[in-house]
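Beneath this line is the structure, given in structure tokens, with notes to follow.
The values are calculated or read from the model by the stated rules, or taken from the named source; none is laboratory data. Note that the structure is predicted; figures quoted are calculated from it, not measured. Ideal geometry is used to build each Cβ from the backbone, glycine not excepted, and the neighbour counts take in all protein chains shown. Accessible surface areas use protein heavy atoms only, side chains included; no ligands, DNA or RNA. Shrake-Rupley method; radii C 1.70, N 1.55, O 1.52, S 1.80 Å.
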Protein chains: 6
Amino acid sequence: MRGFYIGRFQPYHDGHHHMVAEIAEQVDELVLGIGSAGDSHTRRNPFTAGERVMMITKSVAEFDLPTYVVPIEDLERNSVWVSHVQSMSPAFDIAFSNNPLVIRLFEEAGVEVRQSPMYNRDVLEGTEVRDRMIAGDDWERLVPDAVVEVVEETGGLERIQRVSDSDSNGK
Amino acid sequence: MRGFYIGRFQPYHDGHHHMVAEIAEQVDELVLGIGSAGDSHTRRNPFTAGERVMMITKSVAEFDLPTYVVPIEDLERNSVWVSHVQSMSPAFDIAFSNNPLVIRLFEEAGVEVRQSPMYNRDVLEGTEVRDRMIAGDDWERLVPDAVVEVVEETGGLERIQRVSDSDSNGK
Amino acid sequence: MRGFYIGRFQPYHDGHHHMVAEIAEQVDELVLGIGSAGDSHTRRNPFTAGERVMMITKSVAEFDLPTYVVPIEDLERNSVWVSHVQSMSPAFDIAFSNNPLVIRLFEEAGVEVRQSPMYNRDVLEGTEVRDRMIAGDDWERLVPDAVVEVVEETGGLERIQRVSDSDSNGK
Amino acid sequence: MRGFYIGRFQPYHDGHHHMVAEIAEQVDELVLGIGSAGDSHTRRNPFTAGERVMMITKSVAEFDLPTYVVPIEDLERNSVWVSHVQSMSPAFDIAFSNNPLVIRLFEEAGVEVRQSPMYNRDVLEGTEVRDRMIAGDDWERLVPDAVVEVVEETGGLERIQRVSDSDSNGK
Amino acid sequence: MRGFYIGRFQPYHDGHHHMVAEIAEQVDELVLGIGSAGDSHTRRNPFTAGERVMMITKSVAEFDLPTYVVPIEDLERNSVWVSHVQSMSPAFDIAFSNNPLVIRLFEEAGVEVRQSPMYNRDVLEGTEVRDRMIAGDDWERLVPDAVVEVVEETGGLERIQRVSDSDSNGK
Amino acid sequence: MRGFYIGRFQPYHDGHHHMVAEIAEQVDELVLGIGSAGDSHTRRNPFTAGERVMMITKSVAEFDLPTYVVPIEDLERNSVWVSHVQSMSPAFDIAFSNNPLVIRLFEEAGVEVRQSPMYNRDVLEGTEVRDRMIAGDDWERLVPDAVVEVVEETGGLERIQRVSDSDSNGK
């Protein structure tokens, strides 16, 4: 059985990681879909899809679970979103999400969805991690070690700090 | 003489219906343009273009007026919007709107526009209908019977209630 | 039971019309999807979506069958095409097509498709009608009367003749 | 040496003009990139790219500096923005900006950027000019004479006043 | 009176240059629209919009005529093409073209068009210039000196030779 | 050192596989970019990105090499293609390609490219594999075992045979 778990992973953090650990016990293979793959260089979406691919691939290597990490660009059309995801991902039997829109879209398309109250953690922690990165606080404790390495290699900390006081002159 | 009346129709309600009744006395044929046709499954735009086509077509059947119901996808470019509308619609002689932007765009393109203070009702009522749908209040009294049927057939009530407490984890 | 029949309808001609007559005996309501709605002003796609809406609506009025005429813009993504069509159209139970790609896409999405050898006529006749229009030959005999009227009102004959010897200087 | 300076120029005003004067002393040629070229007819982006081309070209004629004025449509992808700009503009050696996002994107792409505290004026003054236009106040004193002419010729004042009380019924 | 002349200018050559000389006697100002601005790095469209802006601006400097050089990205929608062009260009009174599609589109939009048999030269010569560039033949004699300079500065000759034997492995 | 190798992989076959084996000796990690990720269900591009992700991931598992498999949607803009690829992929030091356009684009962007005459095999074999699939010939011998499994699981053989005699009625 193959599962599908989608997030923006900006960045991939311990909340995501615990969720993957939990999902790993329910499936044989897992697809991790990187949402809003085209977005980057903003306070809310600082990292490119490629950087997120690297964060996730290196972090989930510790699980004994075949995984696929797939960037998924936005189509801005809720009504075709499930088909879009299905075309970019290896076929999956079940989706994991706690997001009401994602759940609704999958259900209308006849895809089984599993929820867990614990899933909310990833939303809260994503904001917390980015706020700490901007403030220069202790964000490293909230993410797997592999993520710290990727952020450092790509100059991600300087980037999010810089673009966060961006106004919009000409952009 | 053919008229053109555009709205998002999320959903088509009595405010729209009275307006169509009024317009019906001024024109020989009427085109109803469904704006933001690609949007659906959100609190503000819950219904697909196809669902709205059905709501409107069934509701306006009571008028003795040849009508065309045309979904119009957003182009996100105000400067070409009138040309886009004209390419999707049977040719029309006059546009009906109370929206300042729509009026201005048609006027710059040399299209005659008719306004009516009454038109504001449709904006107010759209929000009111959606709020009642979400709260489970008595929304059925604000829309034609055909709309109640379409909403029920498509599970529209459950959909708007579900997506309305959506956050944006991964979407 | 509601059926769905898609074509480019460039223009709507007797081949299409016979097919609609045949489908009318199998369904309660019919959706006519206008494919490649955004294309116009070329030899292969001379008419705008709005012009085609008018041709079709006026031609099918003779049948005692509730019809919906829906322009459908190309998305250039076969894998989401069925979802796109479903979002723009009133819900349908069965699709009518003889096009192998369309059949395949609907079947992969679990939609029942009905074919008929007769359907090939519409492809052949579309080219024939356009060639005659360009040559100034007797094209009027191959289309319903309502189509002749629309083509004349919109200057369609002059248009297709003009754009057909187009080279591509700057366009 | 060729410089590049980007703004939305909604409209081009004295703040921009002083900046161009300052840049003129540092470069041999200057490219002025008009950002968000596809946006128009809104309170924040009232003028079309073509109107802005005219404002700028006529205003900078007074400098003894070869200039290129290039509209640049948004791509909505920060990660390819620099390549997009570079493909639309004559090759340049240095970029002038005080916008943190623009600076960061150019720096990641290896393009030298020069900043100046004075650059902030253009953001502040843009809002001020538009607010005065809407209120009918004395906006003409904040822009070069050529801009006043363009605004008057194109009915720009009436346009911004009209669209500013726009709601979004159907658009 | 302001004129508008559009081409792909791949590259700008003597045929274009003679046409501009002729147009210069009929108008007070001239807008040169660079069509297919987003295309580059192919046999048919080797140069970027920015490179073409530079070729044209430097070449037309010899005329005593205020000119605007405006890149225009394709929208792939003939029915909105004129509006798109008008939004990107300073307002113009007359268009110059010998392309049947362009003529038809402007005429349907009510824009006056002037043709000249001589205009065909630019199409023929564009292919000839590119073929000579690829073969390493004497292409320099068919273009203004400024174009030779731009092609040399940007490595344009090597580029067109390289991409011309491109197959499509992965692109 | 991380390498990048792009192809459409329609499907992934022995030619690709030998190339990966060769590249594996030159790099520490490898990114496999799946080009034209949005295309599927045509004779030339039968498989979805997700199906190709599965084919490749399962096939390359035999190498002792950390790999990333990344779908890359077309942007239809050569001038921003390298930036787009770089944003979707983990950072890489060297690109492997024998495609003249790809080579040129990477070189203009300052990315080192390695070529090999052997690389041409993958283009030739891709066509051969698809032709055999359509004819029902012995295609299984030209691809890794994992690819045979994926094609069988997804009904890929029936799909390519079906869409290959597609005309274009309405699509």
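When the GluC sites (Glu not before Pro) in the stretch B:1-63 are filtered for DSSP coil states and for at most 16 other beta-carbon atoms within 10 Å of their beta-carbon, the remaining sites are B:E25, B:E62. Computed 3J(HN,Hα) for the stretch A:81-98, one whole-Hz value per residue from the Karplus formula 6.51 cos²θ - 1.76 cosθ + 1.60 where θ = phi - 60°, is 4, 4, 4, 4, 4, 5, 6, 8, 10, x, 3, 10, 9, 8, 10, 10, 6, 10, glycine and proline marked x.
Provide the FRET efficiency to the nearest 0.05 for the D:F63-D:E158 pair, computing r from the beta carbons and using R0 = 35 Å. Walk me through the intermediate numbers first.
Values: r = 31 Å, r/R0 = 0.89.
It comes out at approximately 0.65.
The accessible area of C:K58, taken with all protein chains in place and a 1.4 Å probe, comes to roughly 80 Å². Taken over the Cα atoms of the stretch A:23-117, the convex hull encloses 116 Å³ per residue. Mean residue ellipticity at 222 nm, helices only, chain F: -13500 deg cm²/dmol; runs of at least 4 DSSP H residues each add -39,500 (n - 2.57), and the sum is divided by the number of residues. Burial here means at least 40 square angstrom less accessible surface with every protein chain in place than with the chain by itself, probed at 1.4 Å; in the stretch A:93-108 the buried residues are A:N99, A:P100, A:L101, A:R104, A:E108. Distance between the 7 Å Cα→Cβ label points at D:A109 and B:H18: 5.4 nm. Between C:V143, C:V53, C:V111, the residue with the greatest mean-square fluctuation in the GNM of chain C (Cα pairs under 10 Å linked by springs) is C:V111. Percent of Cα-Cα pairs more than 29 Å apart in chain B, please. Of the Cα pairs, 18 percent sit more than 29 Å apart.
In this label model, F:E76 and B:E25 are separated by 4.8 nm, measuring between points 7 Å along each Cα→Cβ vector.
Peptide D:27-37 has a mean shielding of 2, counted as Cβ atoms of other protein chains within 10 Å of each residue's Cβ.
Between chains F and D, what is the buried accessible area in Å², counting both sides, with a 1.4 Å probe and ligands, DNA and RNA left out, to the nearest 100?
Values: alone 8980 and 8970 Å², together 17330 Å².
Roughly 600 Å² of accessible surface disappears when F and D pair.
Each other copy holds its own label point for F:G136; taking that point as 7 Å from Cα along Cα to Cβ, the gaps run 5.2, 5.2, 5.9, 7.2, 8.1 nm, nearest first.
Per residue of peptide E:19-25, the mean number of Cβ atoms on other chains within 10 Å of the residue Cβ is 0.
The mean sequence separation of alpha-carbon pairs under 8 Å and at least six residues apart, normalised by the residue count of chain E, gives a relative contact order of 29 percent.
May I ask you to work out the translational diffusion coefficient for the stretch A:25-66 at 25 °C, viscosity 0.890 mPa s, via Stokes-Einstein with Rh from the Kirkwood sum over Cα pairs, reported in whole µm²/s?
Working: Rh = 11.6 Å.
The diffusion coefficient I find is 211 µm²/s.
When a 1.4 Å probe is rolled over the protein heavy atoms, the share of accessible surface on chain E that falls to carbon and sulfur comes to 44 percent. Against the compact-protein benchmark of 2.2 N^0.38 Å, the Cα-based radius of gyration of the protein assembly as shown scales to 0.94.
Taking all pairs of distinct Cα atoms, average 1/r, flip it, and tell me the Kirkwood hydrodynamic radius of the stretch E:58-106 in Å to one decimal place. The answer is 12.6 Å.
Across the stretch C:52-59, rounded Karplus estimates of 3J(HN,Hα) from the backbone phi angles (6.51 cos²θ - 1.76 cosθ + 1.60, θ = phi - 60°) give 5, 4, 5, 3, 6, 4, 5, 6 Hz, Gly and Pro being marked x. Residues in the stretch A:1-143 average 34 Å² of solvent-accessible surface per residue, probe 1.4 Å, ligands and nucleic acids excluded.
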